[in-house]
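Asks: Sharing a structure, written as structure tokens. Questions coming.
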Amino acid sequence: MKTLLHTTLLLLTSVSLFADTAVKAGPRKGRLLELSPTQSAEFFVEKDRSISIAFYDAAMKAQAPAAQIVTATAEAPTGKTKLDFATKGNLLIATAPLPAGEDYQVVVQVKPDATSKPKNFRIKLLLYTCKECGNAEYACICDH
Ligand SMILES: [Zn+2]
């Protein structure tokens with residue numbers, strides 16, 4: 001019995017370790033950002049280079065934006081640009097496009113609601129499509 005318990009714990013540990021490091025993609029093929037065990041956000045770059053954010057519950061069912069506060073900072077070589085978001089249907093859309101170029105860091109800060117601590121996500125902006133998984137490289141789920 002003790003051995004069984006030990007094995008289970010080991011399994012649980014490795015599963016959570018994996019979840020912390022692996023990139024997950026959302027239904028729109030964007031980068032999934034885990035906000036809590038019951039809520040996630042999806043970072044996606046639209047064709048016009050504006051960031052859109054979608055929210056999902058634990059069952060990956062799309063949720064309308066509620067009290068979440070999202071800001072993003074694009075750390076472009078030309079300087080840092082802060083981006084604000086506005087609600088559009090079920091999405092939050094950045095009010096300005098990302099600065100030109102790529103291969104720079106985008107820091108997305110999500111406050112799940114007014115009283116929660118903000119969570120920061122650092123995403124390397126690589127827009128080309130990964131041949132293996134078909135996602136944009138910033139949301140690539142391959143192990144490379
Ligand atoms: Zn990939």
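The values are calculated or read from the model by the stated rules, or taken from the named source; none is laboratory data. In this text the structure is predicted, and so the values were computed from the model without any measurement. Please note: Cβ atoms are built from the backbone with ideal geometry, for glycine as well, and neighbour counts cover all protein chains shown.
Asks: List the residue pairs whose Cβ atoms are under 8 Å apart, where the first residue sits in the stretch 124-143 and is over 21 Å from Gly101 (Cα atoms) and within 7 Å of the ligand (Cβ to nearest atom), the second is not in a loop (DSSP other than H, G, I, E, B) and not basic (Lys, Arg), and the two are 6 or more positions apart or on different chains.
Replies: Cys133/Ala25; Ile141/Ala25
Asks: Within the stretch 31-44, does at least one residue satisfy the condition of being surrounded by fewer than 15 Cβ atoms within 10 Å (Cβ to Cβ), within 16 Å of the ligand (Cβ to nearest atom) and either part of a strand (DSSP E or B) or free of Cβ contacts under 8 Å to residues at least 40 places away in the same chain (or both)?
Replies: Within the stretch 31-44 (the criterion being surrounded by fewer than 15 Cβ atoms within 10 Å (Cβ to Cβ), within 16 Å of the ligand (Cβ to nearest atom) and either part of a strand (DSSP E or B) or free of Cβ contacts under 8 Å to residues at least 40 places away in the same chain (or both)), the answer is no, since none of the residues qualifies.
Asks: Of all the residues that make up the stretch 120-144, how many are among the charged types (D, E, K, R), crowded, with 16+ Cβ neighbours inside 10 Å and part of a strand (DSSP E or B)?
Replies: Here is the first cut: in the stretch 120-144, the ones among the charged types (D, E, K, R) are 122, 124, 131-132, 137, 143.
Still in the running and crowded, with 16+ Cβ neighbours inside 10 Å: 137.
Right, trim to part of a strand (DSSP E or B) and you get none.
Number satisfying all stated conditions: 0.
Asks: For the stretch 59-67, state whether one or more residues are part of a strand (DSSP E or B) and either away from the ligand (no atom under 16 Å from the Cβ) or closer than 15 Å to Lys29 by Cα (or both). Let's see the steps before the verdict.
Replies: Looking only at the stretch 59-67, we keep the residues that are part of a strand (DSSP E or B), and these are 62-63.
If we keep only those that are either away from the ligand (no atom under 16 Å from the Cβ) or closer than 15 Å to Lys29 by Cα (or both) as well, we get 62-63.
Within the stretch 59-67, one or more residues are part of a strand (DSSP E or B) and either away from the ligand (no atom under 16 Å from the Cβ) or closer than 15 Å to Lys29 by Cα (or both).
Asks: Here is a further query. When residues of the stretch 68-81 are filtered for being assigned to a strand (DSSP E or B) and over 17 Å from the mean Cα position of the chain (by Cα), how many remain? Don't jump to the end; show me each part of the working.
Replies: Kept after step one, since they are assigned to a strand (DSSP E or B), are these residues of the stretch 68-81: 69-76, 79-81.
So of that shortlist, the ones also over 17 Å from the mean Cα position of the chain (by Cα) come out as 76, 79-81.
Matching residues across the stretch 68-81 total 4.
Asks: Condition (residue is under 19 Å from Asp143 (Cα atoms), modelled with pLDDT of 65 or more and outside any loop (DSSP other than H, G, I, E, B)) applied to the stretch 13-24: is it met by at least one residue? Break it down into steps so the answer makes sense when it comes.
Replies: First, the residues of the stretch 13-24 that are under 19 Å from Asp143 (Cα atoms): 14-24.
From the residues that got through so far, the ones that are modelled with pLDDT of 65 or more too are 22-24.
The next check asks that each one be outside any loop (DSSP other than H, G, I, E, B); those that pass are none.
The answer is no; no qualifying residue exists.
Asks: Kindly indicate the residue of the stretch 91-119 that is surrounded by fewer than 13 Cβ atoms within 10 Å (Cβ to Cβ) and of a type outside the set (Ser, Thr, Tyr) and also nearest to Asp57 (Cα to Cα) among those meeting that condition.
Replies: Start the filter on the stretch 91-119 by keeping residues that are surrounded by fewer than 13 Cβ atoms within 10 Å (Cβ to Cβ), which leaves 95, 100-101, 103, 113-115, 117-118.
Narrowing further to those that are of a type outside the set (Ser, Thr, Tyr): 100-101, 103, 113-114, 117-118.
On the way: Ala100: 33, Gly101: 33, Asp103: 30, Asp113: 15, Ala114: 18, Lys117: 19, Pro118: 18 Å.
Top of the filtered list is Asp113.
Asks: Inspect all residues belonging to the stretch 52-62 and state whether any of them is in contact with a Lys or Arg (Cβ under 9 Å, 6 or more places away or on another chain), surrounded by fewer than 20 Cβ atoms within 10 Å (Cβ to Cβ) and at pLDDT 95 or above. Walk me through how you get there before you give the answer.
Replies: The first filter runs over the stretch 52-62 and keeps only residues in contact with a Lys or Arg (Cβ under 9 Å, 6 or more places away or on another chain), leaving 52, 54.
Okay, now just the ones that are also surrounded by fewer than 20 Cβ atoms within 10 Å (Cβ to Cβ), so 52.
With at pLDDT 95 or above added as a condition, the list becomes 52.
Yes, the stretch 52-62 contains a residue that is in contact with a Lys or Arg (Cβ under 9 Å, 6 or more places away or on another chain), surrounded by fewer than 20 Cβ atoms within 10 Å (Cβ to Cβ) and at pLDDT 95 or above.
Asks: Return yes when Ile69 is in contact (Cβ under 8 Å) with a residue 24 or more places away in the chain, of a type in the set (A, V, I, L, M, F, W, C) and in contact with a Leu (Cβ under 6 Å, 6 or more places away or on another chain) and no when it is not.
Replies: On the way: in contact (Cβ under 8 Å) with a residue 24 or more places away in the chain: yes; of a type in the set (A, V, I, L, M, F, W, C): yes; in contact with a Leu (Cβ under 6 Å, 6 or more places away or on another chain): no.
No, not satisfied.
Asks: Additional query: Please go through the stretch 86-123 and give me each residue that is modelled with pLDDT under 95 and either among the hydrophobic types (A, V, I, L, M, F, W, C) or within 16 Å of the ligand (Cβ to nearest atom) (or both), ordered by number.
Replies: Selection gives Ala114 alone.
Asks: Sticking with this one: Please specify each residue of the stretch 88-119 satisfying the condition of being in contact (Cβ under 8 Å) with a residue 24 or more places away in the chain, within 18 Å of Pro77 (Cβ to Cβ) and in a loop (DSSP other than H, G, I, E, B).
Replies: Listed by number, the residues that qualify are Ala96, Pro97, Leu98, Pro99, Ala100, Gly101, Glu102.
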